[in-house]
Amino acid sequence: MKEKLKQIRENFQKALREGAEQLSQLRVKYFGKNGVFTELMKNLKNLPPEERPAFGKEVNQVKAELEGALSEAEQAELRRKREQELSEDRLDVTLPGVGRKTGSLHPLTLVKNQVLDAFLGLGFEIYDGPEVEYDYYSFEALNIPKDHPARDMQDTFYITDNVLLRPHTSPAQIRAMQKKGVPIRILCPGKVFRADDDATHSPMFHQIEGLAVEKDISLADLKGVLEVFATTVFDKSTKVRFRPSFFPFTEPSVEVDVSCSMCHGKGCRLCKGTGWIEILGAGMVHRNVLKNCGVDPDAYRGFAFGLGIERVTMIKYGIPDMRLLFENDVRFLKQFI
Ligand code: PHE
């Protein structure tokens, strides 16, 4: 047995010296569960009982010595590997870095947020309506009976006789008043659809409808509110003017112009020489509309307005063709921050 222990020690040291086997293999072979030392201890029982303790002790000493040597060799190998990696893997600090591309909001989203911000500061809340809408909310309740010529103002996509893609966000006026009652101040941003397609019209575009119904409210309040909107979204010196117009759901109705932000009223290409740009439609909510929503038109009055986000965006940034907003050319879109 003693001879065997000596042999083991020599074999191990030789293997370690010559690097004939990988260190991990050596570890398994000698110190593993079925390794050389376990085997040796199992054979301890073949010795006469009085020799066992002393030999056992010796085996343990040799085992500790060899295991120590192995650990040292493992450490040395780790260090060597690390040094090799460091010397091969050089970092060139003069190389330009890899830039991260940051996205930006779509110009329509930017302008929508600016418009909403202007009105949210005045106590308006956002109200969402469906894009697939009933004829009743889109027209009838808005004082546009079937066969009324005013229906031609919107080239509507019909799904059935009674169901359509909403051609404006005005149905939200009706839904909001019927659901929440009055007084009320709401804004309804969303997609609308019309059978129209050219440089300034798209079959799908975005509107924001505004509605305020209160006991004491007048056309002057509407003008004040729209001035806040115009000076927030365009520049601080922007002026607002009303021109008489017609919508079946408002009386009186107005077309709202803002002073041209490019020439400040002198006349230029953007405002076609007039100094003014038509921006939205508005008016005082028609008595019939209030009645249709269960509101007493002798006790309450309201104003409403509807604006096209594409139109506001095109005017604000001088974009000549609406289709640019929908083509998703990143070179175009990333100009807006
Ligand atoms: N609904 C109208 C349109 O789409 C705009 C509008 C809304 C006009 C509210 C007056 C009041 O053309």
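The values are calculated or read from the model by the stated rules, or taken from the named source; none is laboratory data. Since the model is a prediction, treat every value here as computed from it, not as a measurement. No Cβ is skipped: glycine too gets one built from the backbone with ideal geometry, and neighbour counts run over all protein chains shown. Ligands, DNA and RNA are stripped out before the accessible areas are found, and what is left, the full protein with its side chains, is counted by its heavy atoms. Shrake-Rupley method; radii C 1.70, N 1.55, O 1.52, S 1.80 Å.
When a/c is below 1.5 the answer is rounded, else prolate if a/b is larger than b/c, else oblate, so apply that to the stretch 159-295 with a ≥ b ≥ c taken from the square roots of the Cα gyration tensor eigenvalues.
Numbers: a/c = 2.24, a/b = 1.33, b/c = 1.68.
Oblate, since a/c reaches 1.5 and b/c is not below a/b.
Where in the chain is the longest stretch that carries no chymotrypsin sites (Phe, Trp or Tyr not before Pro) classed as loop by DSSP and with at most 16 other Cβ atoms within 10 Å?
Within the chain, the longest run free of exposed chymotrypsin sites (Phe, Trp or Tyr not before Pro) spans 158-325.
Using a 7 Å offset from the Cα along the Cα-to-Cβ direction at both residue 34 and residue 125, what is the distance between the two label points in nm, to one decimal?
7.6
How would you order 280-287, 96-103 from highest to lowest mean count of nearby Cβ atoms within 10 Å? Intermediate values should be presented prior to the final figure.
Working: 280-287: 21.9, 96-103: 6.0.
Ranked by mean Cβ neighbours within 10 Å, highest first: 280-287, 96-103.
Find the centroid of the Cα atoms in the stretch 78-144 and in the stretch 204-263, then give the distance between the two in whole Å.
Value for the Cα centre distance between the two parts: 29 Å.
Can you classify the stretch 230-337 as rounded, prolate or oblate using the Cα gyration tensor, where a ≥ b ≥ c are the square roots of its eigenvalues, rounded means a/c under 1.5, and otherwise it's prolate if a/b beats b/c and oblate if not?
prolate
Ignoring ligands, DNA and RNA, what percent of the accessible area of the stretch 236-329 is carbon or sulfur (1.4 Å)?
In the stretch 236-329, the share of accessible area belonging to carbon and sulfur is 51 percent.
Using a 1.4 angstrom probe, figure out how much accessible area the stretch 2-88 has per residue, in square angstrom, rounded to the nearest whole.
In whole numbers, the stretch 2-88 has 73 Å² accessible per residue.
Mean shadow of the stretch 1-75, computed from the convex hull of its alpha carbons, in nm²?
Convex hull of Cα atoms, orientation-averaged projection: 4.7 nm².
So which GluC sites (Glu not before Pro) in the stretch 21-127 end up in coil per DSSP with only 11 or fewer other C-beta atoms within 10 Å?
50
As a test of understanding, state the convex hull volume per residue of the chain from its alpha carbons, in Å³.
309
State the answer as a single residue: which of 48, 225, 328 lies farthest towards the positive end of the charge dipole of the chain, with beta carbon charges of +1 for Lys and Arg and -1 for Asp and Glu, about the Cα centre.
48
Considering only Cα-Cα distances, which of the following residue pairs are longer than 31 Å: 29/57; 2/29; 180/316; 146/191; 236/334; 146/180?
180/316
How about the stretch 32-69: which trypsin sites (Lys or Arg not before Pro) there lie in a loop by DSSP and see at most 16 other Cβ atoms within 10 Å?
Of the trypsin sites (Lys or Arg not before Pro), the ones in loops of the stretch 32-69 whose Cβ has at most 16 other Cβ atoms within 10 Å are 33.
Charges at C-beta only: +1 for Lys and Arg, -1 for Asp and Glu. How large is the resulting dipole of the chain about its Cα centre, in Debye rounded to 20?
Working: 48 positive and 48 negative charges, 253 e Å.
So the magnitude is around 1220 debye.
Return one whole number: the accessible area per residue of the stretch 203-265 in Å², for a 1.4 Å probe.
Details: 2690 Å² over 63 residues.
Accessible surface, normalised per residue, equals 43 Å².
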